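What follows is a short report on a single structure.
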Amino acid sequence: QVQFVESGGGLVQPGGSLRLSCAGSGIIFSKNIMGWYRQAPGKQRELVAKIDVGGSGTYVDAVKGRFTISRDNAKNMMFLQMNSLKPEDTAVYYCNGSPLPWASWGQGTQVTVSS
């Protein structure tokens, strides 16, 4: 069974940085396209970044230039470095496959950007 555990969220001031981590079981990250998703209150979950099998990342325009997705194949983990955070980045962040996520989602990690 595929399972994900996200961590690293928190409260940060605008302009600050956070690094999110994702650990997976039942899946080999390096053999799959993986993504970071977020869901803000009252909004649908959206994909914000993905990393392909070769290690190349792609991003939605809203986070391009500020977020960096990466992967540690040896540890089977994935990361999201978030810089220059804005209040509109406030959301619960999840990791999962892309473009078709697995049915089982982790609990997510809350990111709150506020002064």
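Keeping all protein chains in place and using 1.4 angstrom, which order do ARG38, ARG45, ARG19, ARG71 fall into by accessible surface area, from largest down?
Of ARG38, ARG45, ARG19, ARG71, the descending order of accessible area is ARG19, ARG45, ARG71, ARG38.
How would GLU46, GLU6, GLU88 rank on accessible area, largest to smallest, probe 1.4 Å?
Accessible-area ranking of GLU46, GLU6, GLU88, largest first: GLU88, GLU46, GLU6.
Once the whole set of protein chains is in place, how much accessible area is left on VAL60, using a 1.4 Å probe, in Å² to the nearest 10?
The value for VAL60 is about 50 Å².
State the number of lysine pairs found in the chain whose Cα atoms come within less than 25 Å, restricting to pairs 8 or more positions apart or on distinct chains.
Number of lysine pairs found: 9.
5 Å is the cut-off here: which amide hydrogens, built 1.01 Å from N in the peptide plane, fall below it relative to ASN96, excluding neighbours closer than 5 in sequence?
Counting only residues 5 or more places away or on other chains, the set is GLY35, TYR37.
Pull up the DSSP beta bridges for the chain and report the antiparallel fraction as a percent, rounded to 5.
Counting DSSP beta bridges with both partners in the chain, the antiparallel share is about 90 percent.
The values are calculated or read from the model by the stated rules, or taken from the named source; none is laboratory data. For clarity, every value in this text was computed on a predicted model and none was experimentally measured. In case anyone asks, the SASA skips ligands and DNA or RNA and just uses the protein heavy atoms, side chains included. Shrake-Rupley method; radii C 1.70, N 1.55, O 1.52, S 1.80 Å.
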